[in-house]
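Asks: First, the structure itself, so that you have it in front of you.
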Amino acid sequence: VIEGEVFRPFFCPFPVKMYAVSAALQDYVVQNLGGDAGVMYLESSDLIEPVAPSLVVEWRSELRGFLKIPQNAVVYGYSGSCKRWQCAQETVEYIIARMQDGPLVHGLILTTDVLAFEKIIESFSFDRSRLLLKLVQPKDVLRWTAVFDYGILLRYQDLVNWVSRPTQALEYQAVGVHVIHNNTVKWLIDYEKAVGASGREMTPQPRHVSPS
């Protein structure tokens, strides 16, 4: 109801422009809410400039040394809060499952919700020395994300996620980290079709997912 009111046709004597964060959102507004495709544009002001590869290598080496993670380790990482809609529980489960692949597989969670993640992690029995939690403020996220080989982004199947463009994914991509996702964000699917899905792994759907 709210969407229908916001996007309903109206008369305006001035030129109108509408901005959407993804092509999927544009399509939804046009097809379901009667939006005018001729005045809809993709928002780009929040995109993140790629970090120079040489700087990424420098950050990666420095911070892996600081964390005592071997330089040749495979690191599965997550950057974000511990909210249910961000599939925090499922993300921890996935990292722990990957750690079973061998002693050089590590996990790193960057968050401001350290205590909430600690509670989730404590419910599992595994080699905790290879899964680290790091309190990181937003201004430092890109630097620490460079430690990852894979960045995890799991979402539930719903319209909001399907038409979104998660900042989390933009941060992973800015430092050349492969994004592991579960095909619930159309923007990520389209991105991979455009540039190739090098290094991405298929992941199981999060538990308790309702059909879209």
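The values are calculated or read from the model by the stated rules, or taken from the named source; none is laboratory data. On a predicted model such as this, the values are computed, not experimentally measured, just so you know. Note that each Cβ is placed from the backbone with ideal geometry, even for glycine, and that neighbours are counted across all protein chains shown. When the accessible area is computed, the model is the full protein with side chains, heavy atoms only, and any ligands, DNA or RNA have been set aside. Shrake-Rupley method; radii C 1.70, N 1.55, O 1.52, S 1.80 Å.
Asks: Could you grab me the full set of residues in the stretch 20-64 that are under 21 Å from the mean Cα position of the chain (by Cα), of a type in the set (S, T, N, Q) and at pLDDT 70 or above?
Replies: none
Asks: I'm trying to understand the selection: among the residues of the stretch 140-154, which are farther than 17 Å from residue 65 by Cα and open to solvent by less than 10 Å² (accessible area, probe 1.4 Å)?
Replies: 151, 152, 153, 154
Asks: Also, quick follow-up: Which residues, counting only those in the stretch 158-170, are under 8 Å from the mean Cα position of the chain (by Cα) and not in a loop (DSSP other than H, G, I, E, B)? Outline the logic, then answer.
Replies: Within the stretch 158-170, the first condition is being under 8 Å from the mean Cα position of the chain (by Cα), and the residues that meet it are 166-170.
Those that are under 8 Å from the mean Cα position of the chain (by Cα) and not in a loop (DSSP other than H, G, I, E, B): 167, 168, 169, 170.
Asks: Could I ask something else about it? Might you check whether a residue that is part of a loop (DSSP other than H, G, I, E, B), at pLDDT 95 or above and under 20 Å from residue 50 (Cα atoms) occurs anywhere in the stretch 140-147? Reasoning before the result, please.
Replies: First, pick out the residues of the stretch 140-147 that are part of a loop (DSSP other than H, G, I, E, B): 146-147.
Now drop any that are not at pLDDT 95 or above, which leaves 146-147.
Now drop any that are not under 20 Å from residue 50 (Cα atoms), which leaves 146-147.
There is at least one residue in the stretch 140-147 that is part of a loop (DSSP other than H, G, I, E, B), at pLDDT 95 or above and under 20 Å from residue 50 (Cα atoms).
Asks: Let me ask something additional. Scan the stretch 66-77 and give yes if some residue there is part of a helix (DSSP H, G or I) and in contact with a strand residue (DSSP E or B) (Cβ under 7 Å, 6 or more places away or on another chain), otherwise no.
Replies: The answer is yes, given that some residue of the stretch 66-77 is part of a helix (DSSP H, G or I) and in contact with a strand residue (DSSP E or B) (Cβ under 7 Å, 6 or more places away or on another chain).
Asks: Would you check which residues across the stretch 106-127 are charged (D, E, K, R) and surrounded by 14 or more Cβ atoms within 10 Å (Cβ to Cβ) and list them?
Replies: Listed by number, the list holds a single entry, 113.
Asks: When only residues in the stretch 130-139 that are among the charged types (D, E, K, R) and at pLDDT 95 or above count, which is nearest to residue 62 (Cα to Cα)?
Replies: Result: 134.
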